[in-house]
Amino acid sequence: MKNIIAITSLLVAGTALANAETLAEIDTNDSALKAYFNFDTSNSKTAGTISWQELPTWNEAGYGVCGTSSTHPYTSGAGLRTSTGFTVSFDVNSISKNGTLLSMTSGSMDKAWRSLSITYTNGTLSAQFLGAPLTAVTKTLPSSANTNDWTTLTLVGSSVGATLNLDFYLNGTLVGTSSTANASNITSEPIDKLQFGYYGTSSNSANMNIDNILIYSKALSAEEVKSLIPEPSAFGLLAGLGALALVASRRRRSRK
């Protein structure tokens with residue numbers, strides 16, 4: 001009986017560790033890294049110069065909670081410019097309401113024509129510039145995003161003149177690109193405000209958990225975006241495999 005309990009405990013521990021994530025090594029000395037929030041010990045920034053103007057709720061398990069009617073976290077003074085490029089990456093899970101996951105604004109937060117956004121509607125994501133007739137990049141979000149499994153969203157932007165280009169990544173894989181030749185409302189001014197889980201009114205709030213926010217003042221390459229994605233814990237996988245091997249061994253013995 002004790003052996004069964006021990007094996008069961010090892011299986012549970014191994015499975016939990018196998019589901020854990022090992023974060024990529026983030027170069028905090030990269031001059032283009034303007035903010036990094038990993039929420040491990042607080043909701044304060046881990047690196048960079050951008051700070052919160054309104055803080056997300058910090059959960060001691062190591063993530064932030066945002067988008068509720070009373071929690072509208074945002075940063076200001078980002079100073080991102082499309083001419084030099086930008087990248088915003090963050091992990092989400094437990095999305096429980098349709099709404100805006102990310103809003104990036106040049107000028108006042110209520111000027112929709114100066115906004116970039118990622119929105120969530122009934123399982124579908126849309127990444128778009130709201131100030132011009134730009135075809136939105138849309139992608140069905142894995143159902144796991146509504147659970148405790150983390151999904152990484154990355155938006156990469158750049159511009160040439162008034163032409164804005166957007167690349168949208170899901171878990172490190174490019175899922176769509178979009179561009180418009182008439183986006184001077186946002187290409188001509190710095191993007192100063194980034195808001196997570198909320199835009200304008202509570203009705204646009206997308207309640208969710210958030211983690212590992214990275215903001216760069218450059219457009220990361222596809223390989224660089226992929227390098228940001230957490231990997232399964234190797235130790236956890238080994239523990240799980242070890243538990244399964246132990247179970248198989250004991251079953252073979254019991255048949256003799």
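Readers should treat all values here as calculations from the given coordinates under stated rules, not as data from a laboratory. Keep in mind that what you see is a predicted model, and the values were worked out from it rather than measured. For neighbour counting, all protein chains shown are included, and Cβ atoms are generated from backbone atoms with ideal geometry for every residue, glycine included.
Descriptive notes on the structure:
- On full extension, the segment bounded by E189 and E60 gains 42.7 nm, given 0.36 nm per residue less the C-alpha separation.
- T41 paired with K226, simple spin-label distance in nm, labels 7 Å along Cα-to-beta-carbon: 3.4
- Close amide H partners of G85, meaning residues 5 or more places away or on another chain with modelled amide H under 5 Å apart, are S159.
- Site pair S83 and N182 shows an inter-label distance of 2.3 nm when each label is modelled 7 Å from Cα along Cα→Cβ.
- In order along the range 42-50, the Karplus-derived 3J(HN,Hα) couplings, from 6.51 cos²θ - 1.76 cosθ + 1.60 at θ = phi - 60°, round to 6, 9, 7, 5, 8, 7, x, 10, 7 Hz, and Gly and Pro are given as x.
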